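Contents: one structure, followed by commentary.
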């Protein structure tokens with residue numbers, strides 16, 4: 001009899017273990033290295049989701065940006081990889097993995113969870129860049145604009161932020177006359193000084209032609225505004241940029257900006273937090289959009305993409321929780337000053353928060369960074385051409401033809 005009871009108990013334990021094994025699910029998320037506030041928020045969100053879904057555990061793996069991209073490229077060629085991964089939206093980065101079959105279309109989940117009803121239009125738009133399907137769920141929405149030193153502007157006789165590109169050039173000229181470099185960049189990383197080229201293309205070519213150039217549906221060598229933009233870029237790097245900018249990175253450039261060595265810096269909304277923590281007087285700085293004249297905000301979106309080889313339904317369930325009003329409100333500021341959920345309201349906003357919310361409310365469309373608009377190989381050549389102009393090893397008048405030659409050779 002005891003043997004029978006023991007046997008039944010053993011069966012019960014075995015059954016329990018089998019049930020636990022069946023119900024237990026691990027959701028694996030790959031991301032680049034997170035900031036402190038972001039990392040803390042994610043771990044709390046994971047813990048809350050696990051508590052609400054017994055048997056589910058979330059495992060997050062973080063790597064440097066380049067290592068993250070490399071790991072995903074390896075995973076795309078195999079059956080391994082995460083259930084969800086972080087990637088910048090756009091044809092050049094997110095699009096690389098969509099084309100590689102690493103991203104599952106999410107149209108059915110958009111319909112099921114009605115995500116468009118709660119997402120900000122700018123954030124939502126970054127999932128529609130890969131027709132005919134939607135790919136990715138908004139994780140983060142970022143804008144990029146010009147931060148400026150109010151005291152240095154005053155010293156140069158600039159009374160208000162420039163409202164047009166001509167105003168901006170005039171301001172740069174006044175700063176130069178006052179012995180103040182107009183802007184700081186870190187040229188040792190390819191993508192930082194690229195931002196200047198991106199906004200100048202938008203300014204000189206307009207939205208439609210700029211998009212066509214980045215889509216490579218028109219020839220750079222036959223589009224006059226492309227050469228105008230490269231010439232304008234050289235004017236800025238030779239006359240108005242803090243030197244020797246090609247020898248240091250973006251963090252060093254920010255430190256020099258904070259040390260009053262330059263009057264402006266073209267940075268993302270995340271720099272507001274950096275100025276709050278790295279300077280004693282963040283109120284001494286302001287922010288305004290680069291005056292391209294097109295009515296589009298420079299910036300980018302980040303999506304969490306769902307791997308078609310992973311646990312798609314569970315991944316979608318987690319993303320529904322992540323973009324919910326509750327989670328987005330509780331963690332506002334952890335993923336940039338503005339959440340992807342349009343129902344979120346800021347609490348006790350400071351001047352930076354107000355400025356960025358005003359920009360995101362004002363602009364209804366945006367244009368992305370060049371490294372998100374091009375395929376990877378063209379991005380590399382775009383970087384090379386930009387760096388060569390900035391280093392005075394390539395005449396700006398030859399840049400458009402040089403880039404187009406590379407594009408033509410790739411077929």
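Among what's in the stretch 19-47 and is part of a helix (DSSP H, G or I) and in contact with a helix residue (DSSP H, G or I) (Cβ under 8 Å, 6 or more places away or on another chain), pick the residue that is modelled with the highest pLDDT.
Result: 45.
Would it be correct to say that residue 172 is at pLDDT 95 or above, closer than 19 Å to residue 265 by Cα and crowded, with 21+ Cβ neighbours inside 10 Å? Write out each step before concluding.
Numbers: at pLDDT 95 or above: yes; closer than 19 Å to residue 265 by Cα: yes; crowded, with 21+ Cβ neighbours inside 10 Å: yes.
In short, yes.
Within the stretch 327-402, which helices (runs of 4 or more DSSP H) (wholly inside it) include 2 or more residues that are touching a helix residue (DSSP H, G or I) at 6+ places or on another chain (Cβ under 6 Å) and surrounded by 22 or more Cβ atoms within 10 Å (Cβ to Cβ)?
Once the helices (runs of 4 or more DSSP H) in the stretch 327-402 are filtered for at least 2 residues that are touching a helix residue (DSSP H, G or I) at 6+ places or on another chain (Cβ under 6 Å) and surrounded by 22 or more Cβ atoms within 10 Å (Cβ to Cβ), what remains is 370-373, 376-390.
Run down 243, 204, 214 and say which single residue is without any contact (Cβ under 8 Å) to a residue 60 or more places away in the chain and out of contact with any strand residue (DSSP E or B) (no Cβ under 6 Å at 6 or more places or on another chain). Can you show your working first?
Working: 243 fails: without any contact (Cβ under 8 Å) to a residue 60 or more places away in the chain; 214 fails: without any contact (Cβ under 8 Å) to a residue 60 or more places away in the chain.
Exactly one residue qualifies, and that residue is 204.
Could you please find all residues in the stretch 28-68 being buried (at least 18 other Cβ atoms within 10 Å of the Cβ) and either farther than 14 Å from residue 310 by Cβ or free of Cβ contacts under 8 Å to residues at least 60 places away in the same chain (or both)?
30, 31, 38, 41, 42, 45, 46, 49, 68
Given the criteria assigned to a helix (DSSP H, G or I), more than 22 Å from the chain's Cα centre (by Cα) and without any contact (Cβ under 8 Å) to a residue 24 or more places away in the chain, does residue 173 qualify? First the steps, then the outcome.
Numbers: assigned to a helix (DSSP H, G or I): yes; more than 22 Å from the chain's Cα centre (by Cα): yes; without any contact (Cβ under 8 Å) to a residue 24 or more places away in the chain: yes.
When the stated conditions are applied, residue 173 passes them.
Identify the single condition in (1) touching a helix residue (DSSP H, G or I) at 6+ places or on another chain (Cβ under 7 Å); (2) at pLDDT below 95 that residue 104 does not satisfy, given that it satisfies every other one.
It is condition (2) that residue 104 fails.
What tally of residues in the stretch 75-100 results from selecting those that are over 22 Å from residue 62 (Cβ atoms) and out of contact with any helix residue (DSSP H, G or I) (no Cβ under 7 Å at 6 or more places or on another chain)?
Residues in the stretch 75-100 being over 22 Å from residue 62 (Cβ atoms) and out of contact with any helix residue (DSSP H, G or I) (no Cβ under 7 Å at 6 or more places or on another chain): 4 in total.
Condition first: under 27 Å from residue 191 (Cα atoms) and either touching a strand residue (DSSP E or B) at 6+ places or on another chain (Cβ under 6 Å) or not in a helix (DSSP H, G or I) (or both). Now tell me which residues in the stretch 53-70 satisfy that. Before the answer, list the steps.
Restricting attention to the stretch 53-70, the residues satisfying the condition of being under 27 Å from residue 191 (Cα atoms) are 60-70.
Scanning the stretch 53-70 gives 60, 61, 62, 63, 64, 65, 68.
Can you confirm whether residue 95 is out of contact with any strand residue (DSSP E or B) (no Cβ under 6 Å at 6 or more places or on another chain), touching a residue at least 40 places away in the same chain (Cβ under 8 Å) and not assigned by TED's automatic domain parsing to the domain that holds residue 249? Walk me through how you get there before you give the answer.
Values: out of contact with any strand residue (DSSP E or B) (no Cβ under 6 Å at 6 or more places or on another chain): yes; touching a residue at least 40 places away in the same chain (Cβ under 8 Å): yes; not assigned by TED's automatic domain parsing to the domain that holds residue 249: yes.
Taking the combined requirement at face value, the residue satisfies it.
Just to confirm my filter: which helices (runs of 4 or more DSSP H) fall fully inside the stretch 182-282 and include at least 1 residues that are modelled with pLDDT of 95 or more, within 20 Å of the chain's Cα centre (by Cα) and crowded, with 18+ Cβ neighbours inside 10 Å?
190-215, 250-258
The values are calculated or read from the model by the stated rules, or taken from the named source; none is laboratory data. Computed from a predicted model, the values in this text were never measured in an experiment. Note that each Cβ is placed from the backbone with ideal geometry, even for glycine, and that neighbours are counted across all protein chains shown.
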